[in-house]
């Protein structure tokens, strides 16, 4: 390992029990380590970067707020065991000590290069200066790798914000075509590149080794939905029944769908660890999801997948663009819609060229890391 170089990665890592977020965090750290440099995730307390706001509630607002709090407590009890297992996976990823927006600048003394990781780190909904590496001193490089804005457009004020914080980046890459178009239009002195999500940096064999064998012997459909759309859940349940498949379901963290989940606990996958998440995708006859990373791993494992659109057309906060870009890359745009087909045969399988696409994506991503994070820093 090149002990003379240390790279720090800033993404949505600390306290995050989202499968995709942790798997992409693991993948980028592992890919950089494979290039023989020291690399760690920054354990950053995200909430410290937002100004605190005191809220006042009217009586009409207070009653549903209390009701929702009780529901959240009940749901949190059910998911606590899973969160502990997922956190154990997160703890195994090399990381720094916990830092806040006030203390993160201390890391300048420990690292030679800072990389804005992937996931929705640049989604305008959650923008803060720290996520644009504003704390990095001029002596250290700033690079982004597959940062996601998950938006089709930016307002004028958002464009000004992005310009302000991205001007001094050494190299910028994003995950979606649309994000690259937007940033290339406003950052005229830079060339914003498109690179694959970090999970595509590792070969399928590495992910397969991580997968924990599940105990389901019958053919099944794996269902993983991030949105709160109850119709999507009912469609998936009906699809499984009509196609004579067992439904293996992992509920998302958001408590708003807990009532449907509580009525359908018999559909829950028995093991909900990160490793089991991978195995369920690997072994499924088909994956039904609205999650980018569930779809991405379906591509990696060659599993048939259908993506339900989480956001309606025209929604200013829509994150559909990243899934549209992914499905387009693998020539599976027909498998992205708001309504599920009735039969498994109607869901288009991956083409034989998918393996070539994966190899090119990996080469592109690793090449970007070599050029912008390794070669010019040794």
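Listed values, structure above:
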{"item": "Qualifying residue in the stretch 132-139 (condition: assigned by TED's automatic domain parsing to the domain that holds residue 187, over 18 Å from residue 189 (Cβ atoms) and assigned to a helix (DSSP H, G or I))", "result": "no"}
{"item": "Residue under evaluation residue 136, criteria (1) touching a residue at least 40 places away in the same chain (Cβ under 8 Å); (2) more than 30 Å from residue 273 (Cα to Cα), criterion not met", "result": "(1)"}
{"item": "Single unsatisfied condition, residue 215 versus (1) closer than 23 Å to residue 299 by Cβ; (2) modelled with pLDDT under 95", "result": "(1)"}
{"item": "Check on residue 172, buried (at least 19 other Cβ atoms within 10 Å of the Cβ) and in contact with a strand residue (DSSP E or B) (Cβ under 8 Å, 6 or more places away or on another chain)", "result": "yes"}
{"item": "Any helices (runs of 4 or more DSSP H) falling wholly within the stretch 186-275 and containing at least 3 residues that are under 23 Å from the mean Cα position of the chain (by Cα)", "result": "204-210, 230-242"}
{"item": "Residue in the stretch 245-257 that is over 25 Å from residue 344 (Cα atoms), touching a residue at least 12 places away in the same chain (Cβ under 8 Å), crowded, with 19+ Cβ neighbours inside 10 Å and not assigned by TED's automatic domain parsing to the domain that holds residue 151 present", "result": "yes"}
{"item": "Hits in the stretch 113-142 (condition: at pLDDT 95 or above and farther than 23 Å from residue 160 by Cα)", "result": "113"}
{"item": "Selection within the stretch 24-41 - assigned to a helix (DSSP H, G or I) and in contact with a helix residue (DSSP H, G or I) (Cβ under 6 Å, 6 or more places away or on another chain)", "result": "24, 27, 28, 31"}
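Condition check ((1) in contact with a helix residue (DSSP H, G or I) (Cβ under 6 Å, 6 or more places away or on another chain); (2) under 25 Å from residue 329 (Cα atoms)) across all residues:
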| position | (1), (2) |
| --- | --- |
| 242 | no, no |
| 247 | yes, no |
| 264 | no, no |
| 280 | no, yes |
| 283 | no, yes |
| 287 | yes, yes |
| 300 | yes, yes |
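The values are calculated or read from the model by the stated rules, or taken from the named source; none is laboratory data. Keep in mind it's a predicted model, so treat the numbers as computed, not measured. Note that each Cβ is placed from the backbone with ideal geometry, even for glycine, and that neighbours are counted across all protein chains shown.
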